[in-house]
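Written out below as structure tokens is the structure these notes cover.
The values are calculated or read from the model by the stated rules, or taken from the named source; none is laboratory data. All figures in this text were calculated on a predicted structure; none of them were measured in a lab. Using ideal geometry, Cβ is built from the backbone for each residue, glycine included, and neighbour counts are taken over all protein chains shown.
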Ligand code: GRF
């Protein structure tokens, strides 16, 4: 009998925006299969990036659903159809409810542009600048039902220069994201901690 070759963990990326983190994940030689990109915005840059690389992209437009539950049920259906094990959020701008989070418990990760627990929410970069802090950074964390409150997997600091504006800080934060996220996702794909009922924790840098 011939056994099928190990092809690696099947994962999906959910993105709402330009998709530069999606691109970094595509470009990295990750030990898994990116089988699906999902976006909730019909004009997301992520669509063209997926299509250029021959990756199936599903548009699940949240505005067309009567409730969050109906929207998330549609997301789950798409992910289940592709037998996705790990869900990677990359600028996905919808808060996920227990329906979705419990279906993929311990198998959803997110990247956030601040040193959580500082500056959670939609504008982590702007909030750090407005607070006048001298350093911020990037956090990769598991997703729970709160807003950016899940267990932290990895963090990297980014100092804020005196008088620095949003554009350059955002650029430097994104550069850190594009290196950190593929590294952490790669580790998760390789080690599959959810299969052992434990999670990778505390790789702060
Ligand atoms: C990133 O800054 C990420 O940290 C945040 O959303 C942004 C997405 O950017 N969650 P992009 O669409 O990957 O360029």
*Out of all the residues in the range 127-142, is one or more closer than 29 Å to residue 49 by Cα and surrounded by fewer than 17 Cβ atoms within 10 Å (Cβ to Cβ)?*
no
*Working only within the range 179-205, note down all residues that are at pLDDT below 95 and touching a strand residue (DSSP E or B) at 6+ places or on another chain (Cβ under 7 Å).*
192, 199, 200, 201, 203, 204, 205
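Residue under question is residue 109, and the condition is that it be assigned to a strand (DSSP E or B), touching a residue at least 60 places away in the same chain (Cβ under 8 Å) and farther than 20 Å from residue 173 by Cβ; does it hold?
So residue 109 fails the test.
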_Check on residue 144, more than 12 Å from the ligand (Cβ to nearest atom), part of a loop (DSSP other than H, G, I, E, B) and modelled with pLDDT of 95 or more_ = yes
_Given the criterion farther than 20 Å from residue 179 by Cβ, touching a residue at least 60 places away in the same chain (Cβ under 8 Å) and loosely packed, with under 15 Cβ neighbours inside 10 Å, identify the matching residue among 10, 83._
83
*Just one of 84, 37 is assigned to a loop (DSSP other than H, G, I, E, B) and either under 17 Å from residue 16 (Cα atoms) or within 18 Å of the chain's Cα centre (by Cα) (or both); which is it?*
84
*So, of the residues in the range 112-122 that are in a loop (DSSP other than H, G, I, E, B) and near the ligand (Cβ under 10 Å from one of its atoms), which turns out to be surrounded by the fewest Cβ atoms within 10 Å (Cβ to Cβ)?*
122
*asked:* Just to verify a result, which residue in the range 6-30, among those that are within 21 Å of residue 81 (Cα to Cα) and more than 14 Å from the ligand (Cβ to nearest atom), is modelled with the lowest pLDDT?
replied: 6
*Checking residue 145 against (1) within 16 Å of the chain's Cα centre (by Cα); (2) touching a residue at least 12 places away in the same chain (Cβ under 8 Å); (3) within 30 Å of residue 163 (Cβ to Cβ), which single condition isn't satisfied?*
(3)
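Conditions tested, residue by residue: (1) over 16 Å from the mean Cα position of the chain (by Cα); (2) within 22 Å of residue 120 (Cβ to Cβ); (3) at pLDDT below 95; (4) in a loop (DSSP other than H, G, I, E, B).
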| residue | (1), (2), (3), (4) |
| --- | --- |
| 43 | yes, no, no, yes |
| 48 | yes, no, no, no |
| 88 | no, yes, no, no |
| 92 | no, yes, no, yes |
*Within the range 147-178, which residues are assigned to a helix (DSSP H, G or I) and in contact with a strand residue (DSSP E or B) (Cβ under 6 Å, 6 or more places away or on another chain)?*
172, 173, 176, 177
